[in-house]
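Engineer: Can you keep this structure in mind? I'll have questions shortly.
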Amino acid sequence: MTPDAPTFLPSLDDLATSDVLVVGISKSKEGPSLVAGALNHELREGLSLALGHIDADGSSDSTWRIPSPQAIGASSVLLVGLGEGTPDADRLRLAAGFAAQSMSSGVRLVFALPYSTPAEMEAIVEGAVLGSHRVTKIGGEQKDNRPSIAVLGELPAPNLSRVMAGCEAVWLVRDLVAMPPNLLNPISFVSEIEAQAKDAPLSIEILDEHRLESEGYGGISSVGKGSINPPRLMILRYEPANPSRHVALVGKGITFDSGGLSLKSPTAMVGMKYDMTGAAVMAAATLAAAHLGSPAAITTYLCLAENMPSGSASRPNDVITIKGGKTVEILNTDAEGRLVMADGLQAASALSPDLILDAATLTGAARIALGERYAGLMGTDSAVAEVQDAANRVGELVWHMPLPPELRAILASDVADIANVKPGEVLGGMLSAGQFLKDFVGTQESGDLIPWAHLDIAGPAANSSGPYGYTPKGPTGAITRTVLSVLMN
């Protein structure tokens, strides 16, 4: 599904009788107050009077719908909470998104939220478009209940193109992650991305199970060999005329994770179609960056496998050889994501890029530590700082976590270079997984690691609670815009 660009209206005179006007209200000790742009005096008076007769306080993630005053031709007015104080771009984005999420019918929402800079208008448009996404149900009569978006004001065409590219990338991630695992496997994932990349200025290389094995991709091969759906490595390459630098991306694409022979419990297996979110994020960000003309050269590794138990599946105590030659003792087949990522990181390191960025729904420990809104961020200082800056620019949440060197010792193996886990160890699981990945990041001529940032998105990839801001329940597309911002910076 592709989002439609919003319509920009010069004044309230362009409202249709079926429109819903979106107006902000702020919260204060004195009570709620109207916060809106482009409203005439009569309309402001009418809406302010209505505020005194409804139970509205201006809290964030709240809406109140009231009949339209006679001063305008819209069908109704949707009041959306902006929280306390003067709203900045982040709060405008969240409020616009929640307003769009709150509508269950395909009406046109006309946003009259206040803005004073192009960045604030971009935030309103972005939030509204992100909030208007709906997951398409499979089977039955299809009803399009997405609201269409209009905004009072204007935005230059280049700014709008940039915003819409980011929104389209997020929509793509949400749609891919929502697909059931009987329809999305490594082979069909490749087909989906190939279809999306049809007009993109990039090249694609696909390594099938035979090439993966012959070329030494032991991690992806070992994880995928238990499934009737064979693994794939999908490589996307974008090369501008005079690249400012080279960025390598690596995404975890486990299209379903049963745990393998270290089988998950039935309840823990529900939702494991989300385990390919890292690959979806990196693919969508790459496509958007290519369409926008990123100044950086980009090489993206999508590490795709289905982790299933069978007579051909990897066993605990198996020793495998990762791309590049390091050996890994598998002590838990449910710690499979780090194995496919090790292959991707080694392949990326062989290119000696200026930056390696990876994203993976890697550990349940990340969700326990940080909840469902923050991504865990680890890596080298410069790369971590760059990702933090990018996340701040787009209003996404990351949290810098350490990579304690003492945790590397718990991954020691008697028979291999490293073990994928220490069985029974529950402390610092997100951090020890990061330490495992660090072992497969290459070095520069100086001996220092290639600048590298790892994003554990196990928490924000899927929202198990109610909608908030522009984030729906279910697949979120979180961190996609952060990665895109890094690529476009």
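Engineer: Under the rule of -39500 (n - 2.57) per DSSP H run of 4 or more residues, summed and divided by the residues of the chain, what mean residue ellipticity at 222 nm is obtained, to the nearest 500 deg cm²/dmol?
Structural biologist: Calculated mean residue ellipticity at 222 nm is -10000 deg cm²/dmol.
Engineer: Per 0.36 nm of contour for each residue apart, how much would the distance between residue 44 and residue 352 grow if the chain were fully extended, relative to their Cα-Cα spacing?
Structural biologist: Full extension of this stretch gives 105.0 nm more.
Engineer: Could you please state, rounded to a whole Å, how far the C-alpha centre of segment 237-303 is from the C-alpha centre of segment 181-229?
Structural biologist: Distance between centres, Cα-based: 11 Å.
Engineer: Apply 1/(1 + (r/R0)^6) to the Cβ-Cβ distance of residue 464 and residue 215, taking R0 = 30 Å, and write down the FRET efficiency to the nearest 0.05.
Structural biologist: Efficiency for this residue pair is about 0.20.
Engineer: Between residue 228 and residue 33, what is the FRET efficiency for a Förster distance of 51 Å, r being their Cβ-Cβ separation, to the nearest 0.05?
Structural biologist: 0.25
Engineer: Under Stokes-Einstein, with the Kirkwood radius over Cα pairs standing in for Rh, what whole-number D in µm²/s applies to the chain at 4 °C and 1.567 mPa s?
Structural biologist: Diffusion coefficient, whole number: 55 µm²/s.
Engineer: Just order 107-118, 478-489 by mean Cβ neighbour count inside 10 Å, highest at the front, would you?
Structural biologist: Those peptides, ordered most packed to least, come out 478-489, 107-118.
Engineer: Related question: Order of 400, 133, 210, 246 from fewest to most other C-beta atoms within 10 Å?
Structural biologist: 210, 400, 246, 133
Engineer: Can you spot the aspartates and glutamates whose alpha carbon is less than 17 Å from residue 143's alpha carbon? Ignore those fewer than 8 places along the same chain.
Structural biologist: Partners found: 4, 175.
Engineer: A follow-up question, please. Hey, how much of the P(r) for segment 301-398 falls beyond 17 Å, as a percent of Cα pairs?
Structural biologist: Pairs farther apart than 17 Å: 64 percent.
Engineer: Cβ under 13 Å from residue 210's Cβ, residue 210 left aside: what net charge do those residues give with Lys, Arg +1 and Asp, Glu -1?
Structural biologist: So the environment of residue 210 carries a net charge of -1.
Engineer: Still on this structure: Determine the percent antiparallel among the DSSP beta bridges restricted to the chain, to the nearest 5.
Structural biologist: Of all bridge pairs located within the chain, approximately 40 percent are antiparallel.
Engineer: Run through the DSSP bridge list for segment 361-489 and note the antiparallel percent, rounded to the nearest 5.
Structural biologist: Just about 75 percent of them are antiparallel.
Engineer: Cβ under 13 Å from residue 235's Cβ, residue 235 left aside: what net charge do those residues give with Lys, Arg +1 and Asp, Glu -1?
Structural biologist: -2
Engineer: Tally Lys/Arg at +1 and Asp/Glu at -1 over every other residue whose Cβ is under 12 Å from the Cβ of residue 221; what's the total?
Structural biologist: Local net charge: -3.
Engineer: In debye, nearest 20, what is the charge dipole magnitude of the chain about its Cα centre with +1 on Lys and Arg Cβ and -1 on Asp and Glu Cβ, if you could check?
Structural biologist: So the magnitude is around 660 debye.
Engineer: Using the structure shown, select from 252/273; 198/323; 137/473; 323/438 the pairs with a Cα to Cα distance greater than 20 angstrom.
Structural biologist: Check vs 20 Å cut-off fails for 198/323.
Engineer: Antiparallel DSSP bridges in segment 1-128: what percent, to the nearest 5?
Structural biologist: 45 percent
Engineer: Which percent of Cα-Cα pairs in segment 7-152 sits in each 5 Å bin, short to long?
Structural biologist: Going from the shortest bin to the longest, the percentages are 2, 10, 21, 23, 21, 13, 5, 3, 1, 0, 0.
Engineer: Mind giving me the FRET efficiency for residue 443 and residue 327? R0 is 25 Å, r the Cβ-Cβ distance, nearest 0.05 is fine.
Structural biologist: E(calc), rounded to 0.05, equals 0.85.
Read-outs throughout are calculated quantities, based only on the coordinates presented, and are distinct from any laboratory measurement. Just so we're clear, the structure is a prediction, and the values are computed from it rather than from any experiment. Positions of Cβ are backbone-derived with ideal geometry, glycine not excepted, and every protein chain shown enters the neighbour counts.
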